[in-house]
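Read the structure below first, then the notes.
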Amino acid sequence: MTDDALVVAGEKLESRLILGTGGAPSMQVVEDILDASGTSMCTVSMRRADPQMTGSLIDVVTRRNVRLLPNTAGCRTAREAVLTAQLARDALDTDWIKLEVVADEHTVLPDAIELLDAAEQLVGDGFKVFAYTNDDPILARRLQRVGCVAVMPGGSPIGSGLGVLNPHNIAMIVAEATVPVVLDAGIGTASDAALAMELGCDAVLLASPVTRAQEPALMAEAMAAAVRGGRLAFRAGRIAKRSHAVASSPTTGMAIL
Amino acid sequence: MNVIINGEKETVSDGLTLAELVSGRMRTDKGVAAAVDGAVAPRSTWSDLVLQDGAAIELLTAVQGG
């Protein structure tokens, strides 16, 4: 296959599957799914440091040459998100940030007003902003305009496993994107990831469907295959949908029986 | 003097720097970030940053997350 790496913020990522590590029951499972997914980048959250903590997530990830993408999960305001991003940059020595500014715990849906404000501030502060957003083409456009390096619409609410509920909106976002589009949130199983890639998304970001699967490493492998399959299908170009059948065998040369 | 570290009130010696606090509490300062009174305290400032009585310090690190 020709080189089809994802290029984002001027950097090449070999895998188009970005893995969230949230929800994994142990560090061993994190290691297993990193390996099975073949991912090039995984997300982490910033939380209060436990002095007793043994086994560093950072070591586990960087030992595999996987890039860290810290997030601002849990932040409700632009102020909180900007501070969290700055702390992540200081702790992890990266200016890449997955920006999440959500409205409440129940929906975990982005708060568009705070999100756009935070994105603008962070871009101004030199961050490479990966913005977790709604499946709203206009908000995606605004996030691109303020300088985000990737827009990451949710297919459905975080952790819901409902898949891509509005493929049309995702396709609209892809159609006018000037930066990579990453389908983030809502994936339930492999076919959801494949669909996202068939719609033209540049990558898929998922955590729960792998970390909470009965066999996380097996599902990580399934997701990697689905993302790759969906990407190949997108590049190959699907046939047009039609209302009636079109026989694939020749209609001429039939014997008279 | 008393300070608040990650939400817990603690007594520390007067004149303690943030760098001393971190090295005394954490196995490593790798991957650790600090905020004091709601503002980021960049790593490069830790050794000169003398904590004040009543300061609220947050020490953060990377954990599993989506």
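The values are calculated or read from the model by the stated rules, or taken from the named source; none is laboratory data. These numbers were taken from a predicted model, which means no experiment stands behind them. Glycine gets a Cβ as well: all are built from the backbone with ideal geometry, and neighbour counts include every protein chain shown. For the accessible areas, the whole protein counts, side chains as well, though only heavy atoms, and no ligand, DNA or RNA atoms are used. Shrake-Rupley method; radii C 1.70, N 1.55, O 1.52, S 1.80 Å.
Just a few scattered comments:
- Checking every one of the GluC sites (Glu not before Pro) in chain B against DSSP loop status and a limit of 12 other Cβ atoms within 10 Å picks out no site at all.
- Kirkwood analysis of chain A, using all unique Cα-Cα pairs, places the hydrodynamic radius at 18.9 Å.
- Since only A:T39, A:Q28, A:A9 are under comparison, the one whose Cα sits farthest along the positive direction of the charge dipole of region A:2-44, derived from C-beta charges on Lys, Arg, Asp and Glu, is A:A9.
- Dividing the convex hull volume of the alpha carbon atoms of region A:44-87 by its residue count gives 75 Å³ per residue.
- Against the criterion of solvent-accessible heavy-atom surface with a 1.4 angstrom probe, A:E14, A:E114, A:E100, A:E221 sort, most first, into A:E14, A:E221, A:E114, A:E100.
- P(r) histogram, all alpha-carbon pairs of region A:166-257 included - 5 Å bins from 0, percent: 3, 13, 19, 18, 13, 10, 7, 6, 4, 3, 3, 1
- Overall, chain A carries a charge dipole of about 660 debye about its Cα centre when +1 sits on the Cβ of Lys and Arg and -1 on the Cβ of Asp and Glu, all other atoms neutral.
- Heavy-atom accessible area buried between chains A and B is around 2400 Å² (1.4 Å probe, both sides summed).
- Cβ-Cβ FRET estimate between B:T28 and A:I256, R0 fixed at 51 Å, reported to 0.05: 0.05
- A crude spin-label estimate for the pair A:Q28 and B:S47, with each label 7 Å from Cα along the Cβ direction, gives 4.1 nm.
- FRET efficiency estimate (nearest 0.05) - Cβ-Cβ, A:K241 to A:T94, R0 41 angstrom: 0.45
- Ratio Rg/Rh, restricted to region B:2-61 and using Cα atoms, in which Rh is the Kirkwood radius: 0.90
- Region A:43-176 - percent of accessible surface contributed by carbon and sulfur, probe 1.4 Å: 48
- Expressed to the nearest 5 percent, the antiparallel share of DSSP beta bridges inside chain A is 15 percent.
- Computed from the Cα positions only, the extents of region A:67-112 along the three principal axes stand at 31, 21, 15 Å, in decreasing order.
- Computed extension length for A:E105-A:R48: 18.6 nm, one decimal, from 0.36 nm per residue of separation with the Cα-Cα distance subtracted.
- Looking at chain A, the accessible area is 47 square angstrom per residue; that uses a 1.4 Å probe and ignores ligands, DNA and RNA.
- Sulfur and carbon atoms: percent of accessible area, region B:2-61 [1.4 Å]: 50
- A:W96 accessible area, 1.4 Å probe, all protein chains in place, Å² to nearest 10: 10
- Share of pairwise Cα-Cα distances greater than 27 Å in region A:34-162 is 19 percent (whole percent).
- Spatially, region A:1-45 and region A:225-244 are offset by 23 Å when compared through their Cα centroids.
- Modelled spin-label separation between A:A233 and B:T17, with each label point placed 7 Å from Cα along the Cα-to-Cβ direction: 5.9 nm.
- By accessible area with a 1.4 Å probe, ligands and nucleic acids excluded, highest first: order of A:R145, A:R235, B:R43: A:R145, A:R235, B:R43
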